[in-house]
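Student: For reference, the structure I am asking about is given below.
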Amino acid sequence: MAQFKSDVFALEVAKSLNRFAFDPHRLELEVTESLFIEDKEEVKSRFGLFKQLGVSLVLDDFGSGYSNLGYLWNFGFQKIKIDRSLLDRPESDSEKTRAMFRAIVIIADQLGASVLVEGVETEEQLAMVAACHLDQAQGFYLGRPTLEHDLSEAYDLGDSSVYKLTPSAA
């Protein structure tokens with residue numbers, strides 16, 4: 001959070017995008033709702049800088065904590081990440097969970113944002129996510145954190161240093 005509020009953060013992001021010739025539309029900056037508690041206008045101004053760069057802004061952990069729908073409306077997120085706590089409910093609450101997911105998808109669609117749900121750990125949870133037309137999912141069922149070396153071997157990428165970001169010659 002302190003990093004986002006730094007006066008030089010947007011400038012450093014812009015320099016890095018240029019230095020590494022990285023497409024800004026592939027970069028997603030994740031923020032949580034706690035960022036908005038202090039100075040909403042300052043945050044909105046900084047969001048504008050990142051949007052001018054072409055960087056996507058993602059609201060992380062939606063559904064835990066504050067979950068103010070006004071944030072979705074006022075800050076123009078490109079993606080909403082639903083907190084795992086909404087998925088990790090007793091089976092008896094599955095209809096409520098589906099209803100909540102469908103409502104979030106409808107709102108996000110109307111605001112031009114995609115939706116990702118965190119914490120998918122079972123086939124049943126993935127089926128629920130698919131049935132509710134969520135755009136993306138992440139969790140241990142889909143893949144565990146992997147070291148670069150192991151990932152390179154698993155996908156036969158050969159020399160993984162080829163895939164590291166290096167400054168462009170420009």
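Student: If I ask for residues that are within 24 Å of Asn18 (Cα to Cα) and in contact with a strand residue (DSSP E or B) (Cβ under 9 Å, 6 or more places away or on another chain), which ones from the range 34-79 would you list?
Tutor: Of the residues in the range 34-79, the ones within 24 Å of Asn18 (Cα to Cα) are 43-58, 77-79.
Passing the criteria: Val43, Phe47, Phe50, Lys51, Val55, Ser56, Leu57, Val58, Phe77, Gln78, Lys79.
Student: Give me a count of the residues in the range 121-151 that are open to solvent by 60 Å² or more (accessible area, probe 1.4 Å), assigned to a loop (DSSP other than H, G, I, E, B) and at negative phi.
Tutor: Matching residues across the range 121-151 total 9.
Student: Filter the range 42-82 down to residues that are more than 13 Å from the chain's Cα centre (by Cα) and closer than 18 Å to Ser6 by Cα, then give me how many there are.
Tutor: 12
Student: Across the range 2-26, what is the total count of residues that are at pLDDT 90 or above, open to solvent by 50 Å² or more (accessible area, probe 1.4 Å) and either assigned to a helix (DSSP H, G or I) or on the phi < 0 side of the Ramachandran plot (or both)?
Tutor: 11
Student: Follow-up question, since we're still on this one. Look through the range 66-114, keep the residues that are polar (S, T, N, Q), part of a helix (DSSP H, G or I) and open to solvent by 60 Å² or more (accessible area, probe 1.4 Å), and return whichever of them is modelled with the lowest pLDDT.
Tutor: Per the criteria, the residue is Ser92.
Student: Of all residues in the range 1-33, which are closer than 18 Å to Lys79 by Cβ and not hydrophobic (A, V, I, L, M, F, W, C)?
Tutor: Within the range 1-33, Asp23, Pro24, His25, Arg26, Glu28, Glu30, Thr32, Glu33 qualify.
Student: Among the residues of the range 111-147, how many are among the charged types (D, E, K, R) and within 16 Å of the chain's Cα centre (by Cα)? Can you show your working first?
Tutor: Initial filter on the range 111-147 (among the charged types (D, E, K, R)): 118, 121, 123-124, 135, 144.
Then keep just the ones that are within 16 Å of the chain's Cα centre (by Cα); that gives 118, 135.
The number of residues fulfilling the criteria is 2.
Student: Taking the condition open to solvent by less than 30 Å² (accessible area, probe 1.4 Å), among the charged types (D, E, K, R) and modelled with pLDDT under 85, does Glu33 pass?
Tutor: For Glu33, the condition - open to solvent by less than 30 Å² (accessible area, probe 1.4 Å), among the charged types (D, E, K, R) and modelled with pLDDT under 85 - is met.
Student: Before we move on, is Leu57 in contact (Cβ under 8 Å) with a residue 24 or more places away in the chain, closer than 15 Å to Glu30 by Cβ, crowded, with 17+ Cβ neighbours inside 10 Å and in contact with a Phe, Trp or Tyr (Cβ under 6 Å, 6 or more places away or on another chain)? Steps first, please.
Tutor: Numbers: in contact (Cβ under 8 Å) with a residue 24 or more places away in the chain: yes; closer than 15 Å to Glu30 by Cβ: yes; crowded, with 17+ Cβ neighbours inside 10 Å: yes; in contact with a Phe, Trp or Tyr (Cβ under 6 Å, 6 or more places away or on another chain): yes.
Yes: the conditions hold for Leu57.
Student: Look at the range 36-52 and say how many of its residues are small (Gly, Ala, Ser) and open to solvent by less than 70 Å² (accessible area, probe 1.4 Å).
Tutor: 1
The values are calculated or read from the model by the stated rules, or taken from the named source; none is laboratory data. Model, not experiment: these values are computed from the prediction. Cβ coordinates were reconstructed from backbone atoms using ideal geometry, including for glycine residues, and neighbour counts include every protein chain displayed. Just so you know, the surface numbers come from the protein's heavy atoms only, side chains and all, with ligands and any DNA or RNA stripped out. Shrake-Rupley method; radii C 1.70, N 1.55, O 1.52, S 1.80 Å.
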